[in-house]
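J.: This is the structure, below, for whatever I ask next.
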């Protein structure tokens with residue numbers, strides 16, 4: 001579009017302000033996140049109890065099958081805590097990514113009729129998942145205290161940093177998937193594959209040292225550790241599991257952290273570029289394929 | 001100090017985005033040589049208080065024009081500039097969902113319409129009165145509110161949001177005759193307050209009452225832009241020629 005000497009106050013309406021505008025309208029983002037939670041629990045008899053039942057059920061399945069039947073709880077100290085701290089973190093990623101993938105297609109009326117920063121919808125899903133992390137973390141905290149938890153500031157900072165990195169990565173990947181989903185419906189299947197991989201390609205149920213033990217310190221281990229979800233799990237473990245055991249696992253290599261942060265930034269930038277490129281086409285596509 | 005400035009605006013819909021749909025065939029039916037150019041060089045300026053009636057047959061580009069002004073579409077060529085917020089009836093009912101309480105739905109809707117919390121608080125009594133809802137209804141789920149009241153609630157919210165550039169695509173009023181009169185009076189009062197209105201409708205009665213000028217679109221081209229009475233006459237003639 002040609003440059004213009006715009007009169008004061010005049011603006012191009014298709015410039016919706018992006019992430020800055022999302023921050024300015026953070027109350028709306030929060031309300032959308034809350035409404036998504038309301039939708040999930042609407043009409044249920046147990047309501048918010050499901051926030052506890054779901055993660056605890058998953059935990060029990062993993063603990064019984066992997067910990068007791070396969071005997072891994074003898075290898076890792078405080079194994080229930082080890083699993084649970086990893087599980088809730090990965091669940092935050094999976095829930096956020098699934099929600100963000102369909103954020104535009106499920107809200108087609110909004111996208112078709114309202115000019116607002118599109119980033120708001122995937123961000124609302126990430127926020128919703130972050131809030132949903134509250135109840136499991138309360139359970140986690142109780143368990144930690146019972147097991148003689150004594151965290152320091154660095155450990156808590158690791159959890160905050162880990163969750164921040166996962167949130168950012170989920171948002172970026174969700175934005176990429178959400179835009180793709182409008183044009184290519186196979187995206188939801190691809191995301192299904194990613195979420196399955198996320199459960200096993202992150203150290204939820206096994207010690208991460210198994211990977212370098214089996215594959216050496218080469219490319220596979222580097223890629224494995226550079227996964228931002230893995231880094232998030234490391235952060236949570238550092239805060240909640242590590243302070244309860246005598247001998248923990250080796251810390252995350254710094255180069256993996258740098259690589260994971262780089263991957264996150266690249267994914268977020270890619271998501272924004274895709275949105276900028278296809279914003280108009282998304283409206284058109286969602287109008288004409290109803 | 002114009003509120004809307006369109007300079008040689010072109011919007012082309014590439015066929016690869018949903019080319020084979022029945023909807024697109026319907027939308028492009030009226031265009032010369034089945035062109036995908038929904039807007040072909042539209043230029044106009046609108047000052048505060050102007051009410052532009054956008055007239056045209058199906059597929060002429062009326063909705064695309066409104067979407068371009070609203071910011072949903074980026075023009076492929078040319079330039080669109082607006083002053084202040086855009087929105088209005090085109091975003092009517094945004095965020096309403098059956099599982100939300102009336103209060104939550106109003107808050108989300110207000111957010112999408114660009115209203116601040118203070119604006120919502122000030123508008124709330126009028127909005128509820130127009131919708132025929134008492135204060136007690138705020139706690140009810142939206143799905144328990146009947147459709148006519150939900151529609152009036154959505155309408156009242158959209159009008160109360162009072163964006164600087166107010167857009168209406170087809171629907172300009174809701175309810176019975178008295179209510180429809182009240183709706184049109186509200187729109188007139190918006191224009192009187194210096195807002196710019198762009199109303200896409202072919203209804204001569206509405207155009208005569210509201211519009212200060214009329215734009216007739218034909219296959220994305222500006223066929224006429226000028227006084228309301230002459231615009232209505234031009235459109236009738238155009239329709240006779242092509243029918």
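J.: Please check: in the Gaussian network model of chain A (C-alpha springs, under 10 Å), which one of A:100, A:239, A:115 has the largest mean-square fluctuation.
T.: Among A:100, A:239, A:115, the largest GNM mean-square fluctuation belongs to A:115.
J.: Can you say what percent of the DSSP beta bridges in the protein assembly as shown, counting only those with both residues inside, are antiparallel? Round to 5.
T.: So the antiparallel bridges amount to about 55 percent of the total.
J.: Need one number for the protein assembly as shown: average projected area of the convex hull over its C-alpha atoms, nm².
T.: 28.8
J.: Ok, one more. Would you mind getting the Kirkwood hydrodynamic radius of region A:26-154 from its Cα pairs, rounded to one decimal in Å?
T.: Working: mean 1/r = 0.0598 Å⁻¹.
So the Kirkwood estimate lands at 16.7 Å.
J.: Now for a different question. Please give the contour-minus-distance gain from residue A:56 to residue A:190: 0.36 nm per residue of separation, less the Cα-Cα distance, rounded to one decimal in nm.
T.: 45.5 nm is the gain from fully extending residue A:56 to residue A:190.
J.: So what's the back-of-envelope 222 nm ellipticity for chain B, counting only DSSP H runs of four-plus at -39500 (n - 2.57) apiece and dividing by all residues, rounded to 500?
T.: -12000 deg cm²/dmol
J.: Evaluate E = 1/(1 + (r/R0)^6) for residue A:153 and residue A:30, where r is the Cβ-Cβ distance and R0 equals 30 Å; express this FRET efficiency to the nearest 0.05.
T.: Working: r = 28 Å, r/R0 = 0.94.
The value I calculate is 0.60.
J.: Normalise the Cα radius of gyration of region A:227-290 by 2.2 N^0.38 Å (N = residues in it) and let me know the number.
T.: 1.82
J.: Something else: Modelling each spin label as a point 7 Å along the Cα-to-Cβ direction, I'd like the residue B:36/residue A:74 distance in nm, to one decimal.
T.: Label at residue B:36, label at residue A:74, 6.6 nm between them.
J.: What FRET efficiency would be calculated for the residue pair residue B:1, residue B:181, taking the C-beta separation as r and a Förster radius of 35 Å, to the nearest 0.05?
T.: On the way: r = 31 Å, r/R0 = 0.90.
Efficiency for this residue pair is about 0.65.
J.: If you don't mind, another one. With r as the distance between the Cβ atoms of residue A:222 and residue A:48 and R0 = 56 Å, compute the FRET efficiency 1/(1 + (r/R0)^6) and round to 0.05.
T.: Details: r = 41 Å, r/R0 = 0.73.
E between residue A:48 and residue A:222, to the nearest 0.05, is 0.85.
J.: Where does each of B:155, B:73 land when they are ranked from fewest to most other beta-carbon atoms within 10 angstrom?
T.: Going from least to most buried by this count: B:155, B:73.
J.: In Å and whole numbers, how far do the C-alpha atoms of chain A stretch along each principal axis, longest first?
T.: 68, 50, 37 Å, listed from the longest principal axis down.
J.: I'd like the distance between the alpha-carbon centres of region A:220-260 and region B:174-240, rounded to an integer number of Å.
T.: The two parts, judged by their Cα centres, are 64 Å apart.
J.: So how far, in whole Å, is the C-alpha centre of region A:126-172 from the one of region A:36-82?
T.: With region A:126-172 and region A:36-82 each reduced to a Cα centre, they are spaced 16 Å.
J.: Now for a different question. Could you list B:91, A:167, B:43 so that the one with the fewest beta carbons within 10 Å of its beta carbon is first and the one with the most is last? Don't jump to the answer; show the numbers that get you there.
T.: On the way: B:91 27, A:167 22, B:43 13.
Result, fewest neighbours first: B:43, A:167, B:91.
J.: Now for a different question. When the helix-only estimate is applied to chain A (DSSP H runs of n ≥ 4, each -39,500 (n - 2.57), divided by the residue count), what is the mean residue ellipticity at 222 nm, nearest 500 deg cm²/dmol?
T.: Rounded to the nearest 500, the figure is -22500 deg cm²/dmol.
J.: Let me confirm one metric for peptide B:73-86, namely the mean number of other chain beta-carbon atoms within 10 Å of its residues' beta-carbons. Let's see the in-between values first.
T.: Numbers: counts 8, 10, 4, 2, 2, 2, 7, 6, 8, 6, 6, 3, 2, 3.
The per-residue average across the peptide is 5.
J.: Is the shape of region A:207-264 rounded, prolate or oblate, going by the alpha carbon gyration tensor and its root eigenvalues a ≥ b ≥ c, with a/c under 1.5 for rounded and a/b larger than b/c for prolate?
T.: oblate
J.: Here is a follow-up. For a test of the definition: using alpha carbon positions, the gyration tensor, and the 1.5 limit on a/c, classify region A:87-181 as rounded, prolate or oblate.
T.: Since a/c reaches 1.5 and a/b is larger than b/c, the shape of region A:87-181 is classed as prolate.
J.: Averaged across the residues of B:89-100, what count of C-beta atoms belonging to other chains lies within 10 Å of each residue's C-beta?
T.: 4
J.: Shifting gears a bit: Return the single residue from A:254, A:135, A:243 with maximal mean-square fluctuation; model: Gaussian network over chain A, springs between Cα atoms under 10 Å.
T.: A:254
J.: Next up: Have a look at the DSSP beta bridges in chain B and tell me what percent are antiparallel, nearest 5.
T.: Roughly 50 percent of the beta bridges in chain B run antiparallel, per DSSP.
J.: I want to check the label-to-label distance for residue B:203 and residue B:118. Put each point 7 Å from Cα in the C-beta direction and report it in nm to one decimal.
T.: 3.6
J.: Let me check I have the definition right: for region B:40-196, take the eigenvalues of the Cα gyration tensor, multiply each by 5, take square roots. What are those semi-axes in whole Å, largest first?
T.: Output for region B:40-196: semi-axes of 29, 16, 15 Å.
Here, each number is a calculation from the coordinates, and none is a lab measurement. This one's a predicted model, so the numbers in the text were calculated from it and none came from an experiment. Cβ sites come from the backbone with ideal geometry, for glycine too, and all protein chains shown count toward neighbours.
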